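Q: Before I ask anything, here is the structure I am working with.
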Amino acid sequence: EEEREIETSFGQTLSWDYWKYAVEHPITSWKIPTEILHGEKDDLTDYDTIRRFSDRFHCDLTFVKNGGHWLHSEEEHMALRKWILRKTGSCSTAAEACKRICLK
């Protein structure tokens, strides 16, 4: 709490205000069908947290082997494209989604 923000080795700043807000405002209802793609080596959101969330709110959870949180590598992008294609059944949807994601 004293430091307010902590820089991490993986490029993210941890914010006391954000953490406090999240603790004070937990998600209690999630009514929108949700698909989650999670990297097996995610260093921000651990397996138990994402599993509990997906189980509690009935989300479909897919893991990217050796994937990190951000899915930046070419291998991770390929897994993302294949996942979108599998979920939507459309190559154009997958291509457009990847363009939007990769250009951010």
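The values are calculated or read from the model by the stated rules, or taken from the named source; none is laboratory data. Predicted model, so just to flag it, every value in this text is computed and none were measured. In this analysis, Cβ positions are derived from the backbone assuming ideal geometry, glycine residues included, and neighbour counts consider all displayed protein chains. Just so you know, the surface numbers come from the protein's heavy atoms only, side chains and all, with ligands and any DNA or RNA stripped out. Shrake-Rupley method; radii C 1.70, N 1.55, O 1.52, S 1.80 Å.
Q: Using a 1.4 Å probe on the protein chains only, how many percent of the accessible area of region 2-52 belongs to carbon and sulfur?
A: Reported share for carbon and sulfur atoms: 53 percent.
Q: For Lys82, list the aspartates and glutamates whose Cα falls under 18 Å from its own Cα; do not include residues on the same chain fewer than 8 positions away.
A: Candidates past the 8-residue exclusion: Glu35, Glu40, Asp60, Glu74, Glu96.
Q: Moving on to the next point. With the crude spin-label approximation of a point 7 Å out along Cα→Cβ, what separation in nm comes out for Glu74 versus Gln12?
A: Taking the two extended label points, one gets 2.7 nm.
Q: Can you give the accessible area of Ser29 in Å² (nearest 10), computed on protein heavy atoms with a 1.4 Å probe?
A: My reading of the accessible area for Ser29 is about 70 Å².
Q: Within region 60-77, which residues have the backbone N less than 20 Å from the label spot 7 Å out from Ala22 along Cα→beta-carbon, could you tell me?
A: Once the point is set 7 Å along Cα→Cβ of Ala22, 60-64, 67-72 turn out to lie under 20 Å by backbone N, inside region 60-77.
Q: Same structure again: If packing is taken as the mean number of other Cβ atoms within 10 Å per residue, what is the order of 77-83, 53-59, highest first?
A: Highest mean packing first, the order is 77-83, 53-59.
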